[in-house]
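Each value in this text was obtained by applying a stated rule to the coordinates, not by laboratory testing. No experiment lies behind these values; they were computed from the predicted model shown. Glycine also receives a Cβ, built like all others from the backbone with ideal geometry; neighbour counts cover every protein chain displayed.
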Amino acid sequence: MPFNRKAHKFSASIGTVEIGTGDKAIKLGGENVMPFYTFDGSMGDGPKVGVEITDLGLDAEPQGVKDYYAGCTSFADIAKKAEAMPGGDFVVLRLAGGDPNGANKSTEELVAIAKEVSDAISCPLVVEGSKNVEKDAELLPKVAQALEGKNVLLMSAKEENYKAIGAAAALAYNQKVGAESAVDINLAKQLNVVMTQLGVSAQSIVMNTGSAAAGYGFDYTISTFDRVRAAALGQDDKMLQMPIITPVASETWSVKESTAEESDAPEFWGPVEERGIAMEVETAVACLVSASDAVILKHPKSVATISEFIKSLM
């Protein structure tokens with residue numbers, strides 16, 4: 001008996017959020033099918049790949065990352081090289097040094113770095129905070145002001161600080177906002193609801209519904225992706241129809257599989273950097289086939305691999 005495949009079509013679609021300006025602006029979202037079901041409908045412009053850099057420079061980065069940025073002497077130089085990385089669609093500046101429990105850089109210093117990076121590139125820019133809610137509530141509004149007119153995406157708006165970040169980024173300076181929740185469909189929806197009640201347009205919100213490295217509670221991440229996308233398309237839930245962006249690099253390069261020296265367990269550990277690339281690629285692929293409209297990576301090999309993966313399925 002022949003197999004007669006039935007198309008899985010939805011009347012709903014994921015909203016489109018544009019970041020950047022000019023010819024290099026990109027659109028996230030826009031699909032009306034489950035991930036890569038291009039035989040049933042449209043994937044919009046397709047998932048995008050971001051290249052992560054940080055305000056902490058290159059000292060702690062994997063050797064392959066250092067090699068790629070060899071010769072860079074300023075944040076502007078690093079940003080230009082990130083923009084030129086084959087397979088990348090946008091640059092992501094993670095302001096990790098703002099964490100009061102870490103380097104505790106001042107808001108003024110971090111805003112200056114963000115301005116330097118923004119002025120050096122022509123592709124879209126995404127700015128992540130420090131993961132400290134109080135510092136980000138102070139820092140990201142100042143970044144939004146300094147980068148007015150650049151149409152950047154400011155991530156790290158959480159339940160505890162969304163009013164400060166949302167009001168400044170989307171309402172005062174017409175930027176886009178990343179709504180970050182902790183791996184729970186209800187928390188993700190609630191944050192979108194209160195952001196829109198604040199006055200932020202749904203077309204200005206990108207969701208970060210949580211992330212983890214593959215093997216580290218990753219089943220919760222994937223199940224949340226699946227539930228969010230099923231509700232958005234199958235139930236036409238307007239408060240879950242925002243595109244999803246997932247910071248992969250910061251999760252995968254911090255776990256033991258990416259950091260443990262081969263000598264720690266020579267019987268089964270391979271080269272440390274190869275393991276890190278594998279973790280980054282595997283995690284990114286799983287996120288993309290579940291619902292992510294954009295993933296954030298940092299190793300040149302990972303960026304190139306994931307870019308080719310996306311093209312092969314579009």
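Which is farthest toward the positive dipole end of the chain among 186, 299, 154, measuring Cα position about the Cα centre, with Cβ charges +1 (Lys, Arg) and -1 (Asp, Glu)?
186
Check cross-link reach from residue 105 to the lysines: straight Cα distance under 18 Å, and skip same-chain residues fewer than eight apart.
The reachable lysines, counting only those whose Cα sits under 18 Å from residue 105, are 115, 131, 135, 142.
How big is D, in µm² s⁻¹, for region 100-178 by Stokes-Einstein at 25 °C and 0.890 mPa s if Rh is the Kirkwood radius over C-alpha pairs?
200 µm²/s
From the residues 244, 97, 53, which one has its Cα farthest along the dipole of region 18-313 in the positive direction, the dipole being from +1 and -1 charges on Cβ of Lys/Arg and Asp/Glu about the Cα centre?
244
What is the total of Lys pairs in region 180-314 with C-alpha atoms under 21 Å apart, excluding same-chain pairs fewer than 8 positions apart?
So the count works out to 5.
Anything in the chain that counts as a DSSP H helix reaching 15 Å or more along its axis (C-alpha) with Kyte-Doolittle mean of at least -1.0? List them, would you?
Membrane-span-like by this criterion, though nothing is claimed about a membrane: 107-120, 133-146, 185-198, 218-234, 272-290, 300-313.
Please name whichever of 74, 170, 137 sits farthest to the positive end of the charge dipole of the chain, dipole taken about the Cα centre and charges placed at Cβ: Lys and Arg +1, Asp and Glu -1.
Towards the positive end, the residue furthest out is 170.
So which chymotrypsin sites (Phe, Trp or Tyr not before Pro) in region 236-301 end up in coil per DSSP with only 16 or fewer other C-beta atoms within 10 Å?
268, 269
Can you tell me what share of the DSSP beta bridges in region 18-313 is antiparallel? A percent to the nearest 5 is fine.
5 percent
Under 5 Å between amide hydrogens, which residues at least 5 positions from residue 105 or on another chain qualify, with H placed 1.01 Å from N in the peptide plane?
Amide H neighbours of residue 105: 98, 99.
Give the range of the longest stretch in the chain that excludes all GluC sites (Glu not before Pro) found in loop regions by DSSP and having at most 16 other beta-carbon atoms within 10 Å.
Segment 1-147 is the longest.
If you place +1 on the Cβ of every Lys and Arg, -1 on the Cβ of every Asp and Glu, and leave all else neutral, what size is the dipole of region 131-176 about its Cα centre, to the nearest 20 Debye?
140 debye
Sequence gap at least 6, Cα distance under 8 Å: using those rules, report the relative contact order of region 125-214 to the nearest whole percent.
Relative contact order here is 26 percent.
I need two numbers for the chain: Rg to one decimal and Dmax as a whole number, Cα atoms only, in Å.
Spelled out, the Cα radius of gyration and Dmax of the chain are 19.0, 69 Å.
Using the crude model of +1 on Lys and Arg Cβ and -1 on Asp and Glu Cβ, and no other charge, please compute the dipole size for the chain relative to its Cα centre, in debye to 20.
Here the chain has a charge dipole of around 1100 debye.
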